[in-house]
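> Take a look at this one; I'll ask things after.
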């Protein structure tokens, strides 16, 4: 199950992915934590992971508040994204006169790693695969659950386009490769982007 909270900086999306066993992961921290925490507490859930799809300020700005609200959660990012999170010019916080280093004890993941929300019921287990998708930033990731038929794409892919590549460390060549890999997936997969509405690639693409 996926809960969308779309009240983030620059209209960024925060997602809560959860199962019936009340295990959850929060994806991106651009929305103030209060509404996310209210939802988590109303459902009596435990947050296992806080995941950053990438390190731009509109997705990472409230990381301190999320870490404080869910102190037992592992904070996840791709290993190649650390240099973005630690660099105010690269994470774009300098552009809003709030230059910050988003410094945390991150658990760095790589392509192919799996984040799992456990359950005693095997059918209720949710596993999301890390898909390294550079281009927008060097450590941008997507999260794929073939079982759920969903992919959280951060700022790699939107309903009507893809993420900008003209920021520090961006790469159009990398973005082309990332998009090619994503577009090769099953056309029925629903994409949940970092901004805007969900969509899917039609089978007849």
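> Order the peptides 169-175, 31-37 from the highest to the lowest mean number of other Cβ atoms within 10 Å of their residues.
Ranking the peptides 169-175, 31-37 by packing returns 31-37, 169-175.
> OK, next. Starting from the 7 Å offset along Cα-to-Cβ, what nm value, one decimal, do you get for the label separation of residue 2 and residue 147?
Going from the residue 2 label point to the residue 147 one covers 1.6 nm.
> Kindly provide the helix-only [θ] at 222 nm of the chain, computed as the sum of -39,500 (n - 2.57) over DSSP H runs of four or more divided by all residues, to the nearest 500 deg cm²/dmol?
My calculation for the chain gives -4500 deg cm²/dmol from helical runs alone.
> Which whole-number percent gives the relative contact order of the chain, counting Cα pairs below 8 Å spaced six or more residues apart?
Averaging sequence separation for qualifying contacts and normalising by length gives 16 percent for the chain.
> May I ask for the Kirkwood hydrodynamic radius of the stretch 1-108, worked out over all distinct Cα pairs and given in angstroms to one decimal?
One over the average 1/r among Cα pairs gives 13.7 Å for the stretch 1-108.
> Here is a further query. Provide the percentage of antiparallel DSSP beta bridges, counting only those with both residues in the stretch 8-97; round to the nearest 5.
Approximately 35 percent, going by the DSSP bridge assignments.
> Starting with the fewest neighbours, write out 128, 185 ranked by other beta-carbon atoms found within 10 Å of each beta-carbon. All intermediate terms of the calculation are to be shown ahead of the outcome.
On the way: 128 26, 185 16.
Placing the least packed residue first, the sequence is 185, 128.
> Based on the inverse mean of 1/r over its pairs of different Cα atoms, what is the Kirkwood hydrodynamic radius of the chain, in Å?
With all distinct Cα pairs of the chain included, I get 16.8 Å.
> Quick check on the exposure proxy: order 182, 114, 63 from fewest to most C-beta atoms within 10 angstrom.
114, 182, 63
> Follow-up question, since we're still on this one. Please report the antiparallel percentage of DSSP beta bridges with both residues in the chain, rounded to the nearest 5.
Counting only bridges with both partners in the chain, antiparallel ones make up about 60 percent.
> Let me ask another. In square nanometres, what is one fourth of the surface area of the convex hull spanned by the alpha carbons of the stretch 150-193?
3.1
> How far is the Cα center of the stretch 44-116 from the Cα center of the stretch 1-30, in Å?
14
Just so you know, all these numbers are worked out from the coordinates, no wet-lab data involved. Computed from a predicted structure; not experimentally measured. Note that we place each Cβ from the backbone using ideal geometry, even for glycine, and neighbour counts take in every protein chain shown.
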